[in-house]
1. Give the separation of the Cα centroids, region 1-28 to region 176-214, in Å.
2. Rolling a 1.4 angstrom probe over the protein chains, ignoring ligands and nucleic acids, what is the accessible area of Tyr97 in square angstrom, nearest 10?
3. To the nearest 10 Å², what's Arg142's accessible area with a 1.4 Å probe?
4. From largest accessible area down, sort Met2, Met155; use a 1.4 Å probe on the protein chains.
5. Taking the Cα centre of each part, how many Å lie between region 73-105 and region 128-172?
6. Looking at the square roots a ≥ b ≥ c of the eigenvalues of the Cα gyration tensor of the chain, which shape do they give, rounded for a/c under 1.5, prolate if a/b is larger than b/c, or oblate?
7. Multiply the residue gap between Glu207 and Ser191 by 0.36 nm, knock off their C-alpha separation, and tell me the result in nm, one decimal place.
8. Mind listing which GluC sites (Glu not before Pro) in region 159-224 are in a DSSP loop and have 12 or fewer other Cβ atoms within 10 Å?
Amino acid sequence: MMKLMHVDASAKAEWSNSRALSKYFIHLLHEKIIDLKVDYLDLAVDTPPHVTEAFAIATYIPEQSRSEEMKHALIASDALCKRVLDADLLVLAMPMYNWTIPSTFKAFIDSITRMGVTFISGLDGSYVGQLNGKKVLFITTRGGDLRPGTPYASMDALTPVLKAAFGFLGVSNPIFIDAQPLQFANQEARSAALIRARDELVLLANEWATSIERSNRVSEPSEV
Ligand SMILES: Cc1cc2nc3c(=O)[nH]c(=O)nc-3n(C[C@H](O)[C@H](O)[C@H](O)COP(=O)(O)O)c2cc1C
């Protein structure tokens, strides 16, 4: 069985493009992967809490030394980390808000970046992210056009945040499908941006399905 965690972060519900694109991708995967189990998280509804003082103290105290109060401060984060670690595939969709990630998604990152859980200390003092080996797709939607060569290209403060935060957790090669421009452009340019994103999603769904099928075949017991 393949486990996928699907996260949406747009403040918009049915009018959201990032939600529509992530839903489309999950639909494509369901068509190709029969035993796909999806764990869905809507960050606009289930927003992880901001970092509190109790959390900030408890998170770096080794588990065996935590008080009951400290353990309590970490319960929600423990549960979210488990969901993320359980997944083989992560599909994380979000709009760009003021050049970067939505604050709900930042709260998600703050909840799932946990010493001893999603990253551990290596013997040489370096840190080892525990999300390595997962396939990770970020679907982002932008009102403007920040593609290389455009006047706003240097304003992209979203991609570096995601690369840093997930790179630290062991995700070395996340995939980005960025739909842009979806708002501050004429209708023709907006439609073209959505078509480009959907085409990229089709290609990626095929790629993921093929690679999953191949690895399933390798792990099947051979006949005697
Ligand atoms: C509060 C807010 C801030 C935004 N800031 C930016 C921005 O900095 N750059 C940009 O290109 N688009 C910006 N947009 C536009 C959205 O990124 C764009 O409309 C996107 O398609 C929304 O995705 P959604 O339909 O999934 O909500 C902003 C939209 C909102 C509501």
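1. 13
2. Accessible area, nearest 10 Å²: 90 Å².
3. Counting only protein heavy atoms, the figure is 10 Å².
4. Heavy-atom accessible area, descending, gives Met155, Met2.
5. 13
6. Working: a/c = 1.90, a/b = 1.22, b/c = 1.57.
Oblate, since a/c reaches 1.5 and b/c is not below a/b.
7. Numbers: separation 16, 0.36 × 16 = 5.76 nm, distance 2.45 nm.
Residue separation times 0.36 nm, minus the Cα-Cα distance, leaves 3.3 nm.
8. Sparse-neighbourhood loop GluC sites (Glu not before Pro): Glu223.
The values are calculated or read from the model by the stated rules, or taken from the named source; none is laboratory data. Here the structure is a predicted model, which is why all the values come from computation and not from measurement. Every residue, glycine as well, gets a Cβ built from its backbone with ideal geometry; the counts of neighbours run over all protein chains shown. Accessible surface is based on the protein model in full, side chains and every heavy atom, while ligands, DNA and RNA are left aside. Shrake-Rupley method; radii C 1.70, N 1.55, O 1.52, S 1.80 Å.
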